[in-house]
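Every number here is computed from the coordinates shown, using simple stated rules; none is lab data. Note that the coordinates shown come from a computational prediction; the quantities given were computed from them, not determined experimentally. Cβ placement follows ideal geometry from the backbone for every residue including glycine, while neighbour counts extend to all protein chains displayed.
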Amino acid sequence: MTESKKALTIIIIAILALAGLIYFVQRQTAEKPGPEETRKIEIPGKPSVAPEQIGAGKTGETEETLKGEETVVLPAEPGGPSRILPPAIFNESGKIKEIKKDSLIVEGTGYNFADQKPRDLTLKFTAATKTNSADRTKFWLGLEGLGQLEAGDKITFESPENIRGKTEFTVSYINKL
């Protein structure tokens, strides 16, 4: 091999190595999500919707959190890790404050609100509402379940509707703790 052929071969190898390096660097940066992408949860086969479009209330929400984002990232505490608030929430827990004719007033934990502040929640009973005893051996349907609850009881509850940002909603299940 002549001197010029050796130089040409080295140049071609250097160009190919540089091209390969550029390709892999670009591929690595394209696979890393940016800060906007990590804030959203993609639901395959479903278009992105604002929380209020899937039945969420606006209590505890701010205009900034309702700009069509799939989820809202909230700091758990200053400087601490963030908690993702999903666009739909169907259950919560709390302590019974008052028992009314067809509903309960419960001191909620604030889990279903963007600002995470506890609030009084009104849980409306229907004929299909199922109230379970603490040991889960007995249950009562409809308003009969109200008679089995007392102020001060701790409960978990589930609603057939999205309760995110709502203070009043129907319940399908009540579980005494």
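Taking the square roots of 5 times each eigenvalue of the Cα gyration tensor of the stretch 92-177, largest first, gives ellipsoid semi-axes of 20, 13, 12 Å. Residue ranges 8-19, 117-128, 136-147 sort as 117-128, 136-147, 8-19 when ordered by packing (mean number of other C-beta atoms within 10 Å per residue, highest first). Potential lengthening of the chain between residue 137 and residue 158 amounts to 5.7 nm, from the contour at 0.36 nm per residue minus the alpha-carbon distance.
Normalising the average separation of contacting C-alpha pairs (under 8 angstrom, six or more residues apart) by the number of residues puts the relative contact order of the stretch 93-177 at 33 percent. With a simple spin-label model that places each label point 7 Å from the Cα along the Cα-to-Cβ direction, the separation between residue 111 and residue 130 comes to 1.9 nm. Computed from backbone phi, the HN-Hα couplings of the stretch 2-19 come to 7, 4, 5, 5, 5, 5, 5, 5, 5, 5, 5, 5, 5, 5, 5, 5, 5, 4 Hz, rounded to whole numbers (Karplus: 6.51 cos²θ - 1.76 cosθ + 1.60, θ = phi - 60°; Gly and Pro given as x). Length gained on full extension, residue 24 to residue 150: 38.9 nm, using 0.36 nm per residue less the C-alpha separation. Residues whose amide H comes within less than 5 Å of that of residue 126, counting only those at least five positions distant or on another chain, are 171 (H built at 1.01 Å from N in the peptide plane). Database remark: amide H of residue 111 closer than 5 angstrom to no amide H (H placed geometrically; neighbours at sequence offset of 5 or more, or on other chains; Pro and chain starts carry no H). In a fully extended conformation the segment linking residue 16 and residue 172 would gain 49.7 nm over its present Cα-Cα distance, using 0.36 nm per residue.
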